[in-house]
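S.K.: Just passing along the structure, written as structure tokens.
We did not get these values from a lab; they are worked out from the coordinates using the rules stated. None of these values were measured; they are calculated from a predicted model. We place every Cβ from the backbone using ideal geometry, glycine too, and count neighbours over all the protein chains shown.
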2 protein chains.
Amino acid sequence: MTTKEQGRVSIKDVAERAGVSIGTVSNVVNRPDRVAASTRDRVQAAIDALGYVRSESARHLRAGRSRMIAMLALDMTNPFFADVAHGAEEAATADGLGVMLCSSGQDAEVESLYLSLFAEQRVRGVLIAPTAAGSVEVLARQGIPHVVVDGNARGAACSVSVDDVVGGELAARHLVEAGHRRIAYVTGPLDLPQCRDRRIGASEAAELVVLETPTMDVAGGRDAGSRLLGLPDRPTAVFCANDLLALGVLQALFAAGVRVPDDLALVGYDDIEFAAAAAVPLTSVRRPARRLGRTAADLLLRESDDSAHRHEHIVYQPELVVRRSSLAQP
Amino acid sequence: MTTKEQGRVSIKDVAERAGVSIGTVSNVVNRPDRVAASTRDRVQAAIDALGYVRSESARHLRAGRSRMIAMLALDMTNPFFADVAHGAEEAATADGLGVMLCSSGQDAEVESLYLSLFAEQRVRGVLIAPTAAGSVEVLARQGIPHVVVDGNARGAACSVSVDDVVGGELAARHLVEAGHRRIAYVTGPLDLPQCRDRRIGASEAAELVVLETPTMDVAGGRDAGSRLLGLPDRPTAVFCANDLLALGVLQALFAAGVRVPDDLALVGYDDIEFAAAAAVPLTSVRRPARRLGRTAADLLLRESDDSAHRHEHIVYQPELVVRRSSLAQP
DNA sequence: GTCGATGATTGAAACGTTTTAAACTTGGTT
DNA sequence: AACCAAGTTTAAAACGTTTCAATCATCGAC
């Protein structure tokens, strides 16, 4: 079939070898029905012999639109976002599009570097998880279609999210019902909308001791956990803004000999796969990550096709999954 | 600065507005020193006013090489690969390149779809984790630079890997030294080189009861775990080909009331972040994931720049991290 | 035999860059 | 007054596609 070719072979080479014009080759590739069977075969043979692969950049240049979407999140190593990304990937490849996955890591510089990369690539659109930096506004200003994942764009763009206020309330109310009065909220930066919303919801059910940490990962959780232990009037329950934080807190508590749930109840958020497998299986607020990603990608594709388009806001409802970490003492 | 533009603005528009030729605009963008200060300012002003963003596809078309690399792995939701990807992302963005992350999910069709996507995009190169399908050979045949991550290409390409034979031996020997004689090996498909090598290494230390499962994820582990329980002469220790499998096994054992490590010792592989946070903290064979990714990307960039190039094989040594799941009974 | 009609094929333009060689300024030398 | 060098700027070609209007065959019908 294909032979190894170092000098790239173009449509012109194929045309030459098959003894037809380049227009015909293009037709064979894109609308085989418009070309006679005999020539079609001849051209196809030339394509196979030469190992011709059409150039996406030339195609894109001509068409004016690319076959790529991008997804930008704070941290792709967070299993929640990895799942969202996976869902988006499924939806995109079903349409023959590629997905570029990027972690900004809370670094505003990295983030704007990615944004200009996307703009230069003329990506079809961007799936963006809101960050502290005003990236959503940048995309809007540049006229790049985008869907906000896990956040709300207040009408300025489509968005797919989970009702975090409800989620926060679910978690806190559960703890209150188990008899807890002093509840801590371990969170990432409060300028992140997600962290704010969960706090608002939780505040409706209980008064909170807020422990903020710069990064929403396991290390951040460990840090918050040890700070928690030093608190004068130690809370009896902790609600964490995501499962990574909760796992970190759990590690810190364990290291200090504090038992969960006996000494301290713990609730996480996202219900990542590892929550169920944790040292003490973690009660968590489940969000449909994969579906979030699929829906967001679908919305994005729809928007980029349909010029006249009204922004949609899809909000999923979270669900509390109770496991041992929050079970009331007997 | 930028104004919202729907009809894309090209270098020609900028040239017109600044009253210079397009060549000059190109120079302002790419070699500002070659153009007089006064014109440079004028052109820059036009660029800002129009919100001009250069088209990567046109650039790429002209240059013949793109500014993208791709990474293809079985499952990006496996934290190990997510970490590898993160490392690769760091190295690539340091050079101003973008990374396209893709999960093949063991589906040969998806995989070849991605490969043709990469070829059409003329990606600079591909980071590939070896799969059962012969993708590495396809890349070689098409002359696309690639680096095999977590596997060896036997001279046909660069590779970055961890010595899995040693890793397997490390795990099994540890169990043998703890007094175990009947040891099970829970693994993904044995046509995956990784799974084979770990088995070979482990076999050198002990005889193994092999339990194969089609997918290397938590669900696969749960499945293998329950099969394990039904075994006639039940092993006293289990070595899993990765941590996801181990976590799944742990869940199945727990559900059946089998205690770890008292009734059964457990060792995983990769030492993902969640291994330490597991219900019973998991003994695991650590691999430097992030570094693997960084090194692989660096190698790839070097190869794609330097035509005459001898393939390198970098092999890292794994390291056993002992935690409670394999601690001998007192 | 000529006229359309139909179907297959072609030629050329356009997409937005980068690059190279050529053309145009200056201002200083002879 | 003519010439040169250095410093700027420009015109045009090339990259590989797709598309559209135009041409070319072929064939049945008059």
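S.K.: Report, to one decimal in Å, the Kirkwood hydrodynamic radius for segment B:3-54 based on all distinct Cα pairs.
M.R.: Hydrodynamic radius (Kirkwood, Cα pairs) of segment B:3-54 is 10.7 Å.
S.K.: Between the DSSP loop rule and a limit of at most 13 other Cβ atoms within 10 Å, which GluC sites (Glu not before Pro) in segment A:185-277 are left? List each step's numbers first, then the result.
M.R.: Values: sites: A:GLU204, A:GLU207, A:GLU212, A:GLU273; in loops: A:GLU207.
Sites meeting the loop and neighbour criteria: A:GLU207.
S.K.: Between B:SER26 and B:ALA219, what is 0.36 nm times their sequence separation minus the Cα-Cα distance? Round to one decimal in nm.
M.R.: Answer, rounded to one decimal: 64.0 nm.
S.K.: Roughly how many nanometres apart are two label points built 7 Å out from the Cα toward the Cβ at B:VAL322 and B:GLU177?
M.R.: 0.6
S.K.: In nm, what does the list of distances from A:ASP33 to its counterparts in the other copies look like, shortest first, when each label sits 7 Å along Cα to Cβ?
M.R.: 5.9
S.K.: Here is a follow-up. Which residues among segment A:38-73 fall inside the zone where the amide N is under 16 Å from a point 7 Å beyond the Cα of B:ALA156, along Cα→Cβ?
M.R.: none
S.K.: Local charge sum around A:CYS195 (other residues, Cβ-Cβ under 11 Å, Lys/Arg +1, Asp/Glu -1)?
M.R.: Values: positive: A:ARG196, A:ARG198, A:ARG199; negative: A:ASP164, A:ASP191, A:ASP197, A:GLU212.
Residues near A:CYS195 contribute -1 overall.
S.K.: Taking N as the number of residues in segment A:139-235, what is its Cα Rg relative to 2.2 N^0.38 Å?
M.R.: Dividing the Cα radius of gyration by 2.2 N^0.38 Å gives 1.28.
S.K.: Also, quick follow-up: From other protein chains only, count the Cβ atoms within 10 Å of every residue's Cβ in A:56-69, then give the mean. List each step's numbers first, then the result.
M.R.: Values: counts 11, 15, 6, 3, 8, 8, 2, 1, 3, 2, 4, 3, 5, 0.
Per-residue shielding by partner chains comes out at 5.
S.K.: Placing unit charges on C-beta atoms (Lys and Arg positive, Asp and Glu negative, everything else neutral), compute the dipole magnitude of the protein assembly as shown about its Cα centre in debye, rounded to 20.
M.R.: In total the dipole reaches around 1500 debye.
S.K.: Per-residue HN-Hα couplings for segment A:239-253, Karplus 6.51 cos²θ - 1.76 cosθ + 1.60 at θ = phi - 60°, whole Hz, x for Gly and Pro?
M.R.: Along segment A:239-253, the couplings run 10, 10, 6, 7, 5, 4, 4, 4, 5, x, 4, 4, 4, 5, 5 Hz.
S.K.: By count of other Cβ within 10 Å, fewest leading, how are A:ARG286, A:ARG198 ordered?
M.R.: Details: A:ARG286 18, A:ARG198 30.
Ordered from fewest to most neighbouring Cβ atoms within 10 Å, A:ARG286, A:ARG198 come out as A:ARG286, A:ARG198.
S.K.: Separate question: Could you work out the Kirkwood radius for the protein assembly as shown, taking every pair of different alpha carbons, averaging 1/r and inverting it, reported in Å?
M.R.: Computed over Cα pairs of the protein assembly as shown, the Kirkwood hydrodynamic radius comes out at 26.9 Å.
S.K.: In debye, nearest 20: dipole of chain B around its Cα centre with unit charges on the Cβ of K, R (+) and D, E (-)?
M.R.: Details: 36 positive and 42 negative charges, 195 e Å.
Charge dipole of chain B: 940 debye, to the nearest 20.
S.K.: With charges set only on the Cβ (+1 for Lys and Arg, -1 for Asp and Glu), what does the dipole of segment B:219-287 come to about its Cα centre, in debye to the nearest 20?
M.R.: 80
S.K.: Which of these, A:ILE144, A:ILE200, A:ILE11, has the largest mean-square fluctuation under a Gaussian network model of chain A (Cα springs below 10 Å)?
M.R.: Evaluated over chain A, the most mobile residue of the options is A:ILE11.
S.K.: Quick one: divide the alpha-carbon radius of gyration of chain A by 2.2 N^0.38 Å and tell me what you get.
M.R.: Working: Rg = 25.5 Å, N = 330, 2.2 N^0.38 = 19.9 Å.
Cα-based Rg divided by the globular estimate yields 1.28.
S.K.: Restricting attention to segment B:87-179, which trypsin sites (Lys or Arg not before Pro) occupy a DSSP loop and are surrounded by at most 16 other Cβ atoms within 10 Å? If you can, show how the numbers build up before the last one.
M.R.: Details: sites: B:ARG122, B:ARG124, B:ARG141, B:ARG154, B:ARG173; in loops: B:ARG122, B:ARG124, B:ARG154.
Filter output for segment B:87-179: B:ARG154.
S.K.: Return the tail of the calculated pair distribution for segment B:233-330, meaning the percent of Cα-Cα pairs more than 15 Å apart.
M.R.: Tail of P(r) above 15 Å: 64 percent of Cα pairs.
S.K.: Can you give the calculated 222 nm mean residue ellipticity of chain A, where each DSSP H run of n ≥ 4 adds -39,500 (n - 2.57) and the sum is split over every residue, rounded to the nearest 500 deg cm²/dmol?
M.R.: -14000 deg cm²/dmol
S.K.: I would also like to ask the following. Which one of B:HIS174, B:HIS309, B:HIS86 has the biggest mean-square fluctuation once chain B is modelled by GNM with Cα springs under 10 Å?
M.R.: B:HIS309
S.K.: So what is the relative contact order of chain B, in percent, for Cα pairs below 8 Å that sit 6 or more residues apart?
M.R.: It comes to 17 percent, rounded to a whole number.
S.K.: If one puts a single equal scatterer on every Cα of segment A:165-308 and applies the Debye formula without solvent, what log₁₀ I(q)/I(0) results at q = 0.12, 0.20 Å⁻¹?
M.R.: -0.47, -1.15
S.K.: Lys/Arg Cβ at +1, Asp/Glu Cβ at -1, dipole of the protein assembly as shown taken about the Cα centre: which of A:THR24, A:ALA91, B:GLY87 is farthest positive-ward?
M.R.: A:THR24
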